[in-house]
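Chemist: Please find one structure pasted underneath; my questions will follow.
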């Protein structure tokens, strides 16, 4: 009887630990997705501003805006990569890593 009680306590501990872990993973996934959404929007805004600056002949401002866009694009893409790893959907990982490389190129271009 004592063994059964200890076993049930251990079993309940394991189940509660796993559920806590799953909740923690879900929360972390949501954080990465939210970060992705915020940073990709900022990157898009900076790219639009850079395009306008280049169109107006202001290369210095265009490059500054482009570097800011790349900074946020890199952060956004890294968050999306981490979200994919948490959710175990690594099938787009190669595409995301290629996107990350493009952001690095854009950052280093000016």
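Values quoted throughout were computed directly from the atomic coordinates according to the rules given, and no laboratory measurement underlies them. Values in this document were obtained by computation on a predicted structure and should not be read as measured data. In this analysis, Cβ positions are derived from the backbone assuming ideal geometry, glycine residues included, and neighbour counts consider all displayed protein chains.
Chemist: Which semi-axes, in whole Å and largest first, does the equivalent ellipsoid of the range 24-109 have when worked out from the alpha carbon gyration tensor as the square roots of 5 times its eigenvalues?
Modeler: Semi-axes from the Cα gyration tensor: 29, 13, 8 Å.
Chemist: What distance in nm separates the simple spin-label points at residue 61 and residue 108, each placed 7 Å from Cα in the Cβ direction?
Modeler: 2.9 nm
Chemist: While we're on this one: When you count, for each residue, the other Cβ atoms within 10 Å and take the mean per peptide, how do 28-37, 64-73, 42-51 rank with the highest first?
Modeler: By packing density, highest mean first, the sequence is 64-73, 42-51, 28-37.
Chemist: Suppose R0 equals 30 Å. What FRET efficiency, 1/(1 + (r/R0)^6) with r the Cβ-Cβ distance, do residue 101 and residue 27 give to the nearest 0.05?
Modeler: Taking R0 as 30 Å, the efficiency between residue 101 and residue 27 is 0.50.
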